[in-house]
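Have a look at the structure below before the remarks.
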């Protein structure tokens, strides 16, 4: 680790005069700034996507974990008795922390997004719902289903597993996809800088010959190219990152409780994560240019 | 300082140089002559590690050239001043920075650099051209600048490949006198040239050994000059 830090330090210290041995390159310099800026812009969005997917997966996991629902579907005259019997079964089942019947208002609130606020719930044959909260150990779902079917014929246990798992899995994969995209963007940035560095080295073959002739070591010559490409990449990535952060800040509010699209942004300390992107881009450019320069120097002289 | 023993060099189409044995002791002065294409420049490049011999041994400051890594070659070149016929410079940097390049790459401090540079530019008569860019220099100015760059680090050995190739006779004599002066200061000099008049002129000023490449081999050529 110390060796890598020393190489990084050496790459940015020393005689600034060494930078001047490479002539100005005009518009190609701006191409690197533009490309690294665009890459950083995309990387920030990939990061936002990844973090939003992560938040979604965590929220779904936290909200749905250790909760289940028992539905009582019975003739109106038996609903109260079966609800009482079901709660009795539930509260005596190991692994269940609590069980309570939802009030009519709570059930109406659950249906409100689909049926509207003025729903006369009392006049509809809606099943009674019982909210079940598990302990950390959890309960035996199959055993509980058997008990309920024996003692409360109208009860149906829904432990949410069948639809919770695919959603969490999808959100997790989206998060991985976002991180993989950032990795790809980083590699593409490295490849772009390598190509540009190779072109610059080939265009400056005469300068390299003169430098070698007067006793310049490869690391000295490489440093001039490395510093230039690293600083351009850093500048481009910083501009791209700031642009993307502004664009994300202008998106609709990203609240912890928002939906996926309105939650596509950064929350709290997550705003600090994009600041790493220019640094990572500069590190990628540093290694890419250094490797390309040292390899090309061996070939040219 | 630099020693070649039974050296051959092959470009791929047969030997260009064969059975070359040459020793450059401290404070010696040598001319290397021969027709164009005889291998004079190649022999010089073998002496400063630009090319590696196909056979034989090249020792540069007591190191076997074939065993030196790129850093070792670079460090050895700081002790060897090279003047090329085509005087390659960094065209975007002013003359003073080009001449000071060997000091820059060897990490000398700015103060000693400035002092050395001013003295040297004055010595080669280029003080008033210090800020000029290389493309604006005349042939003679380029040759003098190349010589100044080659000697600014006070190297032990100076290798010059046709240093008077692009200049008039008066300037040739002036450059020669600079090299003779350096030799008197203890520097080892090897000049590749086909200018026999220059060699004759030098022999009146310094005890120079004249070598000739003929039929791929190196011969002593003093008697017929």
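The values are calculated or read from the model by the stated rules, or taken from the named source; none is laboratory data. Worth saying up front: this structure is predicted, and the values here are computed from it rather than measured. So basically every Cβ, Gly included, is an ideal-geometry build from the backbone, and we count neighbours across all protein chains shown.
Checking the conditions here, which among B:77, B:129, B:142 is free of Cβ contacts under 8 Å to residues at least 40 places away in the same chain, more than 8 Å from chain A (Cβ to nearest Cβ) and on the phi < 0 side of the Ramachandran plot? Steps first, please.
Working: B:77 fails: more than 8 Å from chain A (Cβ to nearest Cβ); B:142 fails: free of Cβ contacts under 8 Å to residues at least 40 places away in the same chain.
Unique residue meeting the criteria: B:129.
For segment A:80-98, the candidate set comprises residues that are more than 16 Å from residue A:135 (Cβ to Cβ), without any contact (Cβ under 8 Å) to a residue 60 or more places away in the chain and in contact with a strand residue (DSSP E or B) (Cβ under 7 Å, 6 or more places away or on another chain); within that set, the residue that is surrounded by the fewest Cβ atoms within 10 Å (Cβ to Cβ) is A:87. Apart from one condition, residue B:87 fits all of (1) without any contact (Cβ under 8 Å) to a residue 12 or more places away in the chain; (2) in contact with a helix residue (DSSP H, G or I) (Cβ under 9 Å, 6 or more places away or on another chain); (3) within 12 Å of residue A:213 (Cα to Cα); the exception is (1).
Please verify whether segment B:123-135 includes one or more residues that are in contact with a helix residue (DSSP H, G or I) (Cβ under 7 Å, 6 or more places away or on another chain), modelled with pLDDT under 90 and not in a helix (DSSP H, G or I). Looking for residues that are in contact with a helix residue (DSSP H, G or I) (Cβ under 7 Å, 6 or more places away or on another chain), modelled with pLDDT under 90 and not in a helix (DSSP H, G or I), one finds at least one in segment B:123-135, hence yes. Within segment B:141-169, the residues that satisfy the criterion of being at pLDDT below 85 and either surrounded by fewer than 22 Cβ atoms within 10 Å (Cβ to Cβ) or not in a loop (DSSP other than H, G, I, E, B) (or both) are B:165, B:166, B:167, B:168.
Note on segment A:201-221: residues that are more than 30 Å from residue B:157 (Cα to Cα) and within 14 Å of another protein chain (Cβ to nearest Cβ) total 1. Among the conditions (1) under 20 Å from residue B:46 (Cα atoms); (2) assigned by TED's automatic domain parsing to the domain that holds residue B:104, residue B:212 misses just one, which is (2).
If you check B:213, B:152, B:191, B:199 for being within 14 Å of chain A (Cβ to nearest Cβ) and touching a residue at least 40 places away in the same chain (Cβ under 8 Å), only one passes: B:152. The residues in segment A:109-138 that are under 20 Å from residue A:84 (Cα atoms) and either surrounded by 16 or more Cβ atoms within 10 Å (Cβ to Cβ) or in contact with a strand residue (DSSP E or B) (Cβ under 9 Å, 6 or more places away or on another chain) (or both) can be counted, and the count is 9. Between B:90, B:137, the distinction of being within 14 Å of chain A (Cβ to nearest Cβ) and at negative phi belongs to B:90 only. Of the set (1) at the interface with chain A (Cβ under 9 Å from one of its Cβ atoms); (2) under 16 Å from residue B:157 (Cα atoms); (3) over 16 Å from the mean Cα position of the chain (by Cα), all apply to residue B:70 but (2).
On the basis of being modelled with pLDDT under 90 and in contact with a helix residue (DSSP H, G or I) (Cβ under 8 Å, 6 or more places away or on another chain), does residue A:254 make the cut?
So residue A:254 passes the test.
Identify, from the list A:153, A:125, the residue that is in contact (Cβ under 8 Å) with a residue 60 or more places away in the chain, touching a helix residue (DSSP H, G or I) at 6+ places or on another chain (Cβ under 8 Å) and part of a loop (DSSP other than H, G, I, E, B).
Working: A:125 fails: in contact (Cβ under 8 Å) with a residue 60 or more places away in the chain.
So the residue among A:153, A:125 that is in contact (Cβ under 8 Å) with a residue 60 or more places away in the chain, touching a helix residue (DSSP H, G or I) at 6+ places or on another chain (Cβ under 8 Å) and part of a loop (DSSP other than H, G, I, E, B) is A:153.
Looking at the structure I just gave you, is residue B:51 touching a residue at least 40 places away in the same chain (Cβ under 8 Å), more than 10 Å from chain A (Cβ to nearest Cβ) and either part of a helix (DSSP H, G or I) or farther than 21 Å from residue A:218 by Cα (or both)? Lay out the reasoning, then the answer.
Values: touching a residue at least 40 places away in the same chain (Cβ under 8 Å): yes; more than 10 Å from chain A (Cβ to nearest Cβ): yes; either part of a helix (DSSP H, G or I) or farther than 21 Å from residue A:218 by Cα (or both): no.
Criteria not met by residue B:51.
Yes/no matrix, rows are residues, columns are (1) assigned to a helix (DSSP H, G or I); (2) without any contact (Cβ under 8 Å) to a residue 60 or more places away in the chain; (3) in contact with a helix residue (DSSP H, G or I) (Cβ under 9 Å, 6 or more places away or on another chain); (4) over 30 Å from residue B:73 (Cβ atoms):
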| residue | (1), (2), (3), (4) |
| --- | --- |
| A:138 | no, no, no, yes |
| A:142 | yes, yes, no, yes |
| A:168 | yes, no, yes, yes |
| A:185 | yes, no, yes, yes |
| A:188 | yes, no, yes, yes |
| A:192 | yes, no, yes, yes |
